[in-house]
Amino acid sequence: MNIMNVDYSTKIPNNVNLSEDRQVLKALEGWHPGYIDWWNDMGPDGFQQSLVYLRTAYSVDPRGWAKFDYVKMPDYRWGILLAPQEENRVIPFGENYGEPAWQEVPGEHRAMLRRLIVIQGDTEPASVEQQRHLGKTAPSLYDLRNLFQVNVEEGRHLWAMVYLLQKYFGRDGREEADELLRRRSGDADSPRMLGAFNEATPDWLSFFMFTYFTDRDGKMQLHSLAQSGFDPLSRTCRFMLTEEAHHMFVGETGISRVVQRTCEAMKEAGITDPTDIAKVRALGVIDLPTIQKKLHLHYSLSLDLFGSEVSTNAANAFNAGIKGRYKETQIDDDHQLKNATYPVLRLKDGAIVQEEVPALSALNMRLRDDFVGDANAGVTRWNRVLERAGLQFRLRLPHVAFNRRIGEFAAIRADTDGRPMSGERWQADRETMLPSADDNRFIQSLMQPVHAPGGFASWIAPPRIGIDNKPGDFEYVKIEA
Ligand code: BYC
C-alpha cells in the first residue's frame, strides 16, 4: 500500500496497513461502537441527519490531501493517518540526541509517553462536547459547516491518539482508550483532564476565541510532540497539524468578521465612541470592549494549558526525547540544554520579576512564549480592521499574570497590565476585565440561527471567500436532508 493514500476498504480508513495488523484492527473495531455512541450522545446536538459539505482526508500528501463532499456526520470516515515515515530519522533532542528514532515504545519512558498521549487525546473529545450546542445558534450555513468540520476533525484526532494507545500500550492502552470516552467536559465526578476543557463555550464569540487561542495551544503542543523521538507519535502529530490550521483560521477570521461588522454598523450609525456600549448594542452588533473582555477570558484560560513555568515534568520529557521544543530541529544549539538558561517571569515577595533559570526546567515557559508571539500576529490583523475603519480602539493581549489558575500567578490577582491587586479590588473590577452576566446575556440575545443560504446574522460580516471556493450563497449544510 502507498503510505500517501488511505485504505478505505477496512471499516477504519487508514494508511498504517491495518488490514495486516489484525490485532489492532480488532481492538479498534471493538472501540468503534463506543465512539459512535459517544458521538451520538455528546457530539453536535441536532443536524446528525443533515448533509454537511465536509472535507475528508484521503491522502497525507501535502500537495492534495482532502476532498470535499456532502456527508452526514455519523457517516464521516474517521480514519487513522500518519505522515510518511522519514528515512533514518534520529531523535532530535535530549539525552539520546542523534540516536535512531524509536519505532516501538522505549520501556523506560512508557508511563510518561502514555500520560502525554492520554492528555492530548482527552482534549479532542472535550472540545466537541464543549461545542455541542452551538449548531442551534449558527450565524450562517457557512459557519455551521465550519463548526462541524472542526468537530469531526477533533473526533479524528481522538482516533489518532487511540490508535497509538491500542497499538503500542497493550491492555492499559485499551483501558485508557475507554476512559477517553467516559470522561465528560464539565462533569463534576469525571471531568476532562485540563482546566480549559471543562469551561463552557456558550456562544459563537467564545467559539471563535476558543478556536483562535485554545486550538493554538493545540498547535504548539502538537508541534512539540511532532518532534518526539517516538516516531509513531511524531508522524501522527505532523498530520494532525495539517488539519489544525483550518481550526485556527476559523477562529481568526471569525473574530475578524465580528470586529468588521461592529465597525461597519458604528460607521453607518455615526457612532465614533466604542465605549458607548448601549448605543452600539442597539445596532445588533457586539461592542468592542465586550470583544476585548472575551479575549481576556479565553487567552488566560489557554495560557493555563502550558502548565507551570518551571516544571520538572517538562524537563524529564525533554531529556527523555519524548517532547521537544517548538521547531526544535530549526533551533541552533546543542538540543540538550546542558548549560543554557532561560528568562522566566516569577512571583517574588508579591512582585512579578524576571529570573534566569536552567532552560531545561523552563520548557513550558518557552513554549508559552512561542504561543504568545504566535497569538499576537492575529491580534495585529484584527487591529488593521479597526484601523481601516478609522477607530482608535485597539485589541490587545492581557498580561500573562492576568486571571491565572495554573503556575506562578495562580497565587495572586493581577489586572490586565500585570499589576498585582487585592482580592477586594479584583472583585470590584472584575466585570471591567472579564465578561459579566449582563455581557453574556446580551451576546446570547444575538445568538439567533440564520439558515438561509448566503444569509448572515446581524453581528458578523460574511467571509471574503467561501470554503473550497464556493460562492456566497452556497448551501454548505442541507439541514432537511
Ligand atoms: N489543568 O509540571 P506541570 C489541543 C498538572 S490542546 C490541570 O506544571 P506539565 C486542542 C500536570 O498534569 C493541547 N492540570 O506541567 C485544542 C501535573 O500533574 P501530575 C493538548 C494541569 O506536567 C483545542 C501537574 O499539574 N495537548 O490539542 O509539564 C481543541 C504539574 O504539572 C494543568 C497537551 O497538553 C492544567 N492546565 O504539564 C482540541 C500536550 N497543567 O503529573 C484540542 C500533552 C498542568 O503532577 N500535555 N497540570 O499529576 C503536556 O505536554 C503536559 O501535560 C502539559 C503541562 C502541557 C499539560
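The values are calculated or read from the model by the stated rules, or taken from the named source; none is laboratory data. As the structure is a computational prediction, the values presented were derived from the model and not from experiment. Neighbour counts run over all protein chains shown; Cβ positions are idealised from the backbone, glycine included. Note: areas computed on protein heavy atoms with side chains; ligands, DNA, RNA excluded. Shrake-Rupley method; radii C 1.70, N 1.55, O 1.52, S 1.80 Å.
Roughly what % antiparallel, to the nearest 5, for the DSSP beta bridges in the chain?
Percentage antiparallel, nearest 5: 90.
Evaluating kT/(6 pi eta Rh) at 10 °C and 1.306 mPa s, with the Kirkwood radius of segment 257-333 over Cα pairs in the Stokes-Einstein relation, gives 98 µm² s⁻¹.
Applying 0.36 nm per residue to the separation of Lys72 and Ala200 and subtracting their alpha-carbon distance, the gain on full extension is 43.5 nm. Evaluate the relative contact order of segment 351-473 (contact order divided by residue number), counting alpha-carbon pairs under 8 angstrom at least 6 apart; express in whole percent. Relative CO of segment 351-473 lands at 11 percent.
In a DSSP loop and with at most 15 other Cβ atoms within 10 Å, the trypsin sites (Lys or Arg not before Pro) in segment 435-481 are Arg464.
With a 1.4 Å probe and all protein chains in place, put Ile412, Ile465 in order of accessible area, largest first. Working shown, then result.
Details: Ile412 35, Ile465 115 Å².
Descending accessible area places them as Ile465, Ile412.
Loop-resident trypsin sites (Lys or Arg not before Pro) (DSSP state other than H, G, I, E or B) in segment 8-44 with no more than 15 further Cβ atoms inside 10 Å of their Cβ: Lys11.
Probe radius 1.4 Å, ligands and nucleic acids ignored: give me the carbon and sulfur share of the accessible area of the chain as a rounded percent. It would help to have the intermediate numbers written out before the result.
Details: 9340 of 19720 Å².
Solvent-exposed carbon and sulfur of the chain make up 47 percent of the total.
Couplings for segment 181-192, taken from phi via the Karplus curve 6.51 cos²θ - 1.76 cosθ + 1.60 with θ = phi - 60°, read 8, 8, 5, 9, 4, x, 6, 5, 8, 9, x, 5 Hz in order; Gly and Pro are left as x.
Checking the table Lys219/Lys294; Lys67/Lys470; Lys219/Lys478; Lys136/Lys478; Lys11/Lys67 against a 25 Å threshold on Cα-Cα, which pairs fail? List each step's numbers first, then the result.
Numbers: Lys219/Lys294 21 Å; Lys67/Lys470 14 Å; Lys219/Lys478 31 Å; Lys136/Lys478 14 Å; Lys11/Lys67 19 Å.
From Lys219/Lys294; Lys67/Lys470; Lys219/Lys478; Lys136/Lys478; Lys11/Lys67, over 25 Å: Lys219/Lys478.
What GluC sites (Glu not before Pro) in segment 230-284 are in a loop by DSSP, with at most 12 other Cβ atoms within 10 Å of the Cβ? Mind showing how you got there, number by number?
Values: sites: Glu243, Glu244, Glu252, Glu264, Glu268; in loops: none.
When the GluC sites (Glu not before Pro) of segment 230-284 are filtered for loop state and at most 12 Cβ neighbours within 10 Å, nothing remains.
Within straight-line reach of Lys279, meaning a Cα separation under 13 Å, sit the following aspartates and glutamates at least 8 residues removed in sequence or on another chain: Glu268, Asp287. In this structure segment 147-246 gives 24 Å² per residue of accessible area when probed at 1.4 Å with all protein chains present. Against the compact-protein benchmark of 2.2 N^0.38 Å, the Cα-based radius of gyration of the chain scales to 0.99.
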